[in-house]
Structure formats: structure tokens, C-alpha cells
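The values are calculated or read from the model by the stated rules, or taken from the named source; none is laboratory data. Quick caveat, the model's predicted, so the values are computed rather than measured. Reconstructed Cβ throughout: ideal geometry from the backbone, glycine too, with neighbour counts over all protein chains shown. We work out accessible area using only protein heavy atoms, side chains counted, and drop any ligands, DNA or RNA first. Shrake-Rupley method; radii C 1.70, N 1.55, O 1.52, S 1.80 Å.
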Amino acid sequence: MIKEFSLYFLAAFFEILGCYSFWVYFRLDKSYWFLALGLISLILFAYLLTKVNMQFAGRGYAVYGGIYVISSLSWLYFVEKQDFNRWDLIGSSLCIFGAFVILFGNQKV
């Protein structure tokens, strides 16, 4: 289970890094090297998400959605230096709870 969560969080990191690289290029007028970083990061994201132990892609993506929300708010706090508000905390709690329900509800006994 730790391996699964590690893969999900690592995939989330690379997806956010990839998208943020495009954000930096297009919105903040930074070097075109950010586009290359974005492409490489998004390829790594897609590859890592194929490595999770889930029978169906859609269910794996649903679990990933909850992890992604938590990871995005972590990015907001650590990279963009913005504090959470109560809606961030409430919404992310609902998302991670949903991800756990999908993940653990579909485990083979």
C-alpha cells in the first residue's frame, strides 16, 4: 500500500511540475526551457500512473484525483507560499476521504 501511495504522490508531483512549468512559461514569460521541463514532467507523470496496482484505469484515476488535490494544495503552500483557507481544508478532506473509499472498497480480500 505504501508503494501505491508513493507512486500516486510522485505522479502528482510530476503532473503539477509539468503544468506549473507551462504556467511559468505562458503566464510569467520565462524561458522556453520551462516547456521542455513541462513535457518531460508530464511524460513521467503518465508513466508513473500506469505503475499503480489497479485493475481498471478509471478507478486508478479516481483514487489519484484525491491524491492530486492534496498534492496541489501542498504545492500551493510550499512552492507558491500561500496559506490554506477553510474551504481548501474542507474540500481536500472530502476528496481524500473519497479516494480512500474507492481504494479500500475495491481491495480484494
Separation of the SER31 and ASP88 label points, Cα + 7 Å toward Cβ, nm: 2.9 nm
Considering the options TYR68, VAL24, GLY98, tell which one lies farthest towards the positive end of the dipole of the chain, charges being +1 on Lys and Arg and -1 on Asp and Glu at the Cβ, about the Cα centre. GLY98
Could you work out how far apart the two model spin labels at GLN107 and ILE43 are, taking each label as a point 7 Å from the Cα in the direction of the beta carbon, and quote it in nm? 3.6 nm
Under the 0.36 nm per residue contour assumption, what length would be gained going from the current alpha-carbon distance of PHE78 and SER6 to full extension? 24.1 nm
Please work out which option in (i) 45, 15, 11; (ii) 27, 19, 9; (iii) 21, 18, 11 gives semi-axes √(5λ) of the Cα gyration tensor in Å calculated from these coordinates, and answer with its label. (ii)
Hey, can you find the accessible area per residue of segment 1-106 for me, probe 1.4 Å, expressed in square angstrom? 66 Å²
